[in-house]
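The values are calculated or read from the model by the stated rules, or taken from the named source; none is laboratory data. Just so it is clear, the structure is predicted and the values come from calculations on it, not from any experiment. All Cβ positions, even for glycine, are placed from backbone atoms using ideal geometry, and neighbour counts span all protein chains on display. We work out accessible area using only protein heavy atoms, side chains counted, and drop any ligands, DNA or RNA first. Shrake-Rupley method; radii C 1.70, N 1.55, O 1.52, S 1.80 Å.
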Amino acid sequence: MDISDLILRAQNVLRSNDTGVFTKPGPRQYPHQWNWDSAIIALGLSHFDLPRALTEIRSLLRGQWGDGMIPHVVYHQSPSDYFPSPAFWQIETNPNAPAVPTSGITQPPVLATIIRKIHSRSPILNFIRETYPALLRWHRWLHTARDADGSGLVCIIHPWESGTDDSPRWLSAMSAIAPPDVPPFQRGDTIHVSASERPHSADYVRFIHLIDVFRRNRYDPAALLSRSPFLVQDVLFNSILYRANEDLRALALELGEPTGEIDGWLDKMRARFDARFWDETHGSYFDFDLRADKPILVNTAMTFAPFFAGLPDPTKARRLIAEHWQNPREYQPDKNIRYRVTTTSKAESAWEPRRYWRGPVWIIFNWILWDGLKRYGFDDPAEELRRDSLELVARSGFREYYDPRDGSGCGSTDFSWSAALTIEWLAGDRE
Ligand code: GLC
């Protein structure tokens, strides 16, 4: 593998998706600014164009709502053939909506972690001083508007908030929703990518139904908590938030800001995390469906997400590795599966190797897991993930996701965060 050439190609993807204000996650499929994509994109950009990386973050923050929410999509420039459009979201019915059009839901809060990572290599204290209040307000919004049961753990109200849109984790909650009167709509996501690699239409109708419920409730957080038919405490989202709170705390200390409020969030989350998510019988972390009031017993790679937060104790950590990571029926490669890590266990009946979050390999998740495994000193599995990821991008280009059987690319081409994380991994080698 020619490292310099791969870095150059990755930089070209970020450059070609750059609109000057924000970077498109994918050139045709995703023409607007996505929340956690842009944090990861900023991480990649920071290696070769730090000012542009900071612009990326500032642009995302322009979409912040008056109550603190940072939305999952910011539409700096419309129109496009992307659906849902701002006209569909109708956020202007909420007094807290920002001037720029956005979606009305959020996404995994990885931003504080990314800002701290950039700062640890290239000090950006003034930028931290500038953005810290926005980060704090977002985390505070999550810990109030999204704490449905006072536990300190937060919930999501739409599968898109999880970042893993059609994961089989959501199948039972979604099938319990009967969309009675979905407004007419035209999917945009199957124009540029084969429908066989995108969510099933049964999921899609429910995605849209949920947005319709939210807009009819004018995005009032209290109304959405009590009326959203989908209400889930998500292991991945909470792991990312816990880690982001740790990183926010470190930023607060550097600024000389008080940390009491953040300490309170961390203490509460840590005290409740295992009781809510850990299943001793399966030796796994499972999401919790608040509407059905029961855990979601679906085996996905999100069971490893708590490594990112440093939350599993040593016994649980060893079980996750021995019983799942190294299990040939679940996550270890075998004669059919060559690349790690399938986002859903091969053992699940809903597993599909080329369909979106139903089973393919995603570079973002490999990176989150790689980081978590390193934190635990599981260097061999971490290295396996990094190697597989780099092999995938080198042989099939920077794709949205990959078929774990032969490594062929799926979904969008020239995908920004796959390029950004390649730079992050390889530049680390050279620095
Ligand atoms: C898809 C992914 C989501 C990502 C977005 C833009 O919706 O599921 O995680 O943020 O695409 O890349």
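A few comments on the model shown:
- Considering region 351-396, the residues that are touching a residue at least 24 places away in the same chain (Cβ under 8 Å), within 16 Å of the ligand (Cβ to nearest atom) and in a loop (DSSP other than H, G, I, E, B) include one that is nearest to LEU297 (Cα to Cα), namely GLY359.
- Residues satisfying the stated conditions in region 358-377, i.e. of a type in the set (A, V, I, L, M, F, W, C) and open to solvent by 10 Å² or more (accessible area, probe 1.4 Å): TRP370
- Across region 14-52, the number of residues qualifying as within 16 Å of the ligand (Cβ to nearest atom), assigned to a helix (DSSP H, G or I) and charged (D, E, K, R) comes to 1.
- Test: residue in region 334-346 that is assigned to a helix (DSSP H, G or I), open to solvent by less than 10 Å² (accessible area, probe 1.4 Å), of a type in the set (A, V, I, L, M, F, W, C) and in contact with a helix residue (DSSP H, G or I) (Cβ under 7 Å, 6 or more places away or on another chain): no
- Matching residues in region 168-180 - criterion: being within 16 Å of the ligand (Cβ to nearest atom) and assigned to a loop (DSSP other than H, G, I, E, B): none
- Looking across ASP165, ASP147, one residue alone is open to solvent by 20 Å² or more (accessible area, probe 1.4 Å), away from the ligand (no atom under 16 Å from the Cβ) and either more than 22 Å from PHE415 (Cα to Cα) or at pLDDT 95 or above (or both). It is ASP147.
- Scoring ASP279 on the criteria (1) touching a Pro at 6+ places or on another chain (Cβ under 7 Å); (2) crowded, with 24+ Cβ neighbours inside 10 Å leaves a single failure, condition (2).
- Positions within region 347-357 being open to solvent by 40 Å² or more (accessible area, probe 1.4 Å) and more than 19 Å from SER412 (Cα to Cα), in sequence order: ALA347, GLU348, SER349, TRP351
- Any hit, region 381-404, residues being surrounded by fewer than 20 Cβ atoms within 10 Å (Cβ to Cβ) and touching a Pro at 6+ places or on another chain (Cβ under 8 Å): no
- Pairs linking a residue in region 223-252 that is over 12 Å from ARG146 (Cα atoms) and outside any helix (DSSP H, G or I) to a residue that is open to solvent by 10 Å² or more (accessible area, probe 1.4 Å) and charged (D, E, K, R), with Cβ atoms under 7 Å and 6 or more positions apart or on different chains, are PRO229/ARG291.
- Some residue of region 297-311 being open to solvent by 60 Å² or more (accessible area, probe 1.4 Å), among the hydroxyl-bearing types (Ser, Thr, Tyr) and not in a loop (DSSP other than H, G, I, E, B): no
- Region 53-62, residues that are open to solvent by less than 10 Å² (accessible area, probe 1.4 Å) and either of a type in the set (Val, Ile, Thr) or within 16 Å of the ligand (Cβ to nearest atom) (or both): GLU56, ILE57, SER59, LEU60
- Annotation: of all residues in region 212-222 being of a type in the set (Lys, Arg) and part of a helix (DSSP H, G or I), the one that is surrounded by the fewest Cβ atoms within 10 Å (Cβ to Cβ) is ARG216.
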